[in-house]
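Below: one structure, written as structure tokens.
Laboratory data are not the source of any read-out in this text; all were calculated from the coordinates shown. Everything numeric here is computed off the predicted structure, so don't read it as measured data. Reconstructed Cβ throughout: ideal geometry from the backbone, glycine too, with neighbour counts over all protein chains shown.
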Amino acid sequence: MISFERVTKRFPGGTVAVDDLTLDVPEGEVVVLVGPSGCGKTTTMRMVNRMTEPTSGTITVDGRDVMAQDPATLRRRVGYVIQQVGLFPHRTIAQNVATVPQLLGWDDRRTTARVRELMELVGLPEGVADRYPHQLSGGQRQRVGVARALAADPPVMLMDEPFGAVDPIVRGRLQEEFLRLQREVRKTIIFVTHDIDEAILMGDRIAIFSQGGVLEQYAAPRELLADPANDFVIEFLGSERGLKRLALIKVSEVHAEPGPVVNPNAGRTVARDVALAFGTDYVVVVDDGRLRGWVSLHEIDDGQTVADAPLRRFALQVSAEDSLRAALNAMITSRTGVTVRVSSGDRYQGILTQDVIAKEIM
Amino acid sequence: MTPLLAQELVDWSWVASHLDDVQSRTAEHLVLTVVPLVVGFAIAFPLALAARRWEPLYGPMLAFSGVLFTIPSLALFALMIPVTGLSRLTALIPLTMYTLLLLVRNTVEGLRGVPTDVREAALAMGYSRRRLLREVELPLALPVIVAGLRITAVTTIGLVTVTALIGQGGFGQFFLDGFIRRFSTPIMVGLVLSVALAVVFDLGLLAVQWAMTPWQRGR
């Protein structure tokens, strides 16, 4: 959808901001450009809608060379969101959102309908439509910025640290909503940030840049974390690379073992045989498919059943959609050292062991 | 000869019998204020735009209009007489020149004050330069531009009182009358009218600004 071919940007004075960049952004994906300041990530983004022009090389959007198009026309088809938002202080929220439809000459009825639809889409209360930007909170202004960029339904969006100016709690919520929104609208997005965690969270693919606009690696987040190309990437990913990777893998993607399962009526001998087979000193009690808890072998007396022994609960359980990071957390907080996987209604699906986690990190 | 202030400050019967004079002096004063303001702004505005476009022009432009501003008005009127005689132009041309410094400076500063991110966002959404100026930069610069117009208007109203010396009327005529005849009433009338006119212009322009900048209310 967006493609850079041997693109270089050299500023007057000789500073190279982007160095011989070749990169393809597939349709409907979020590509995050990340790197330290001065790595050319913002310059790279700005060349897509000609806010900055390349010194050499070719950039195409949907197969058409951007340098062959009228800048204003090109820009009306490319959504743009920046950290400072840049709302028009002299226009109401509704008028701000209507900016591009107005430039494109939409009639009033269509514009009004679109504005209402967008405000709802980004979660703005209807009451703010006639307010001015300075009357809104920072988080609300960011939402207006996103709504304004989406107004004419552009196929391509450029976002430069769009959530950089709000506090961490609001940022987390905006990120989550953004991902939900993107699942709905499926735009082709170039997203710039200096925050690797945000990159991992938001990106279908991540391009890591170093000083002087050199592309160090371009890969999906999981691949990046599993197989960093060089020392620069390793250092940039930070010390918790393994944990970050686990956060991206879902429980449903790894094998759950059946585990030392008994039903409540099992006697002491049966329980011991089952535990032995799995190498544990406890059994998992499952009654008619439903998880009840676990029982320590030492607490089952001779001649008694599992049901007579004190039943302990698993404080944390995981289900298919949880991450392996959540599974690891459950594991290290349980005396059994494993995590149980359940589906809705506490239906037992097996256990996850540290071996499974270790295999993923290696 | 009676000293100037020995009599009563205002002789109301004189005022009553000179209402026609008051009217025509006011009309003259208005013309001598409004024409330089309008023509001055018409010259200053494109100059300010040029200074925005080509930054190096701004320094020399300010220096030149600053020098014009420092020339004493009476001297400038006197210098004009050989060129334009004792016509109204002799008053209008210097008065217009005096407006340039304040109008150019405030227009440029107003446009400069438009936040970079707002300008950037407008361009990135596909505004042409002309439309950016008309729909974004000018509305946002308006308070600073109007501030320039207000101070220019008040300054000009004061300056116009001097033009009576070259026979162009205005409230200055009352001052001349009063000085020559050692009679305080016309002086007081001219003073009050002059101040009143300045206040009317100042508040009028402020009202125009209020009406044109709804987003600034209740801030």
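So here's what we get for this one:
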read-out: Output for segment B:108-159, where each listed residue is within 12 Å of another protein chain (Cβ to nearest Cβ), touching a helix residue (DSSP H, G or I) at 6+ places or on another chain (Cβ under 6 Å) and charged (D, E, K, R); value: B:Glu137
read-out: Conditions (1) within 21 Å of A:Gln349 (Cα to Cα); (2) surrounded by 14 or more Cβ atoms within 10 Å (Cβ to Cβ); (3) over 19 Å from the mean Cα position of the chain (by Cα); (4) of a type in the set (A, V, I, L, M, F, W, C): number failed by A:Leu297; value: (1)
read-out: Flag if A:Val31 is away from every other protein chain (no Cβ under 11 Å) and within 22 Å of the chain's Cα centre (by Cα); value: yes
read-out: Test: A:Ile169 is of a type in the set (Val, Ile, Thr), touching a strand residue (DSSP E or B) at 6+ places or on another chain (Cβ under 7 Å) and not in a loop (DSSP other than H, G, I, E, B); value: no
read-out: The listed residue being touching a residue at least 40 places away in the same chain (Cβ under 8 Å) and under 22 Å from B:Val154 (Cβ atoms), out of B:Leu37, B:Leu68; value: B:Leu37
read-out: Failed criterion for A:Val81 (all others in (1) under 21 Å from B:Leu123 (Cβ atoms); (2) not in a strand (DSSP E or B) hold); value: (2)
read-out: Answer residue from segment B:190-213, given it is touching a His at 6+ places or on another chain (Cβ under 8 Å) and in a helix (DSSP H, G or I) and is farthest from B:Ile151 (Cα to Cα) among those; value: B:Leu193
read-out: Those residues of segment B:97-107 which are in contact (Cβ under 8 Å) with a residue 60 or more places away in the chain and either among the hydrophobic types (A, V, I, L, M, F, W, C) or within 14 Å of another protein chain (Cβ to nearest Cβ) (or both), in sequence order; value: B:Leu100, B:Leu103, B:Val104
read-out: Residue that is surrounded by fewer than 17 Cβ atoms within 10 Å (Cβ to Cβ), without any contact (Cβ under 8 Å) to a residue 12 or more places away in the chain and within 11 Å of chain B (Cβ to nearest Cβ), where the choices are A:Asp70, A:Asp65; value: A:Asp70
read-out: Scope segment A:83-133; condition facing chain B (nearest Cβ under 7 Å), surrounded by fewer than 22 Cβ atoms within 10 Å (Cβ to Cβ) and touching an Asp or Glu at 6+ places or on another chain (Cβ under 6 Å); matching residues; value: A:Gln84
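Yes/no per residue for (1) of a type in the set (Gly, Ala, Ser); (2) touching a Pro at 6+ places or on another chain (Cβ under 6 Å); (3) closer than 20 Å to B:Val39 by Cα:
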{"position": "B:Leu102", "(1), (2), (3)": "no, no, yes"}
{"position": "B:Val146", "(1), (2), (3)": "no, no, yes"}
{"position": "B:Val160", "(1), (2), (3)": "no, no, yes"}
{"position": "B:Gly172", "(1), (2), (3)": "yes, no, no"}
{"position": "B:Leu176", "(1), (2), (3)": "no, no, no"}
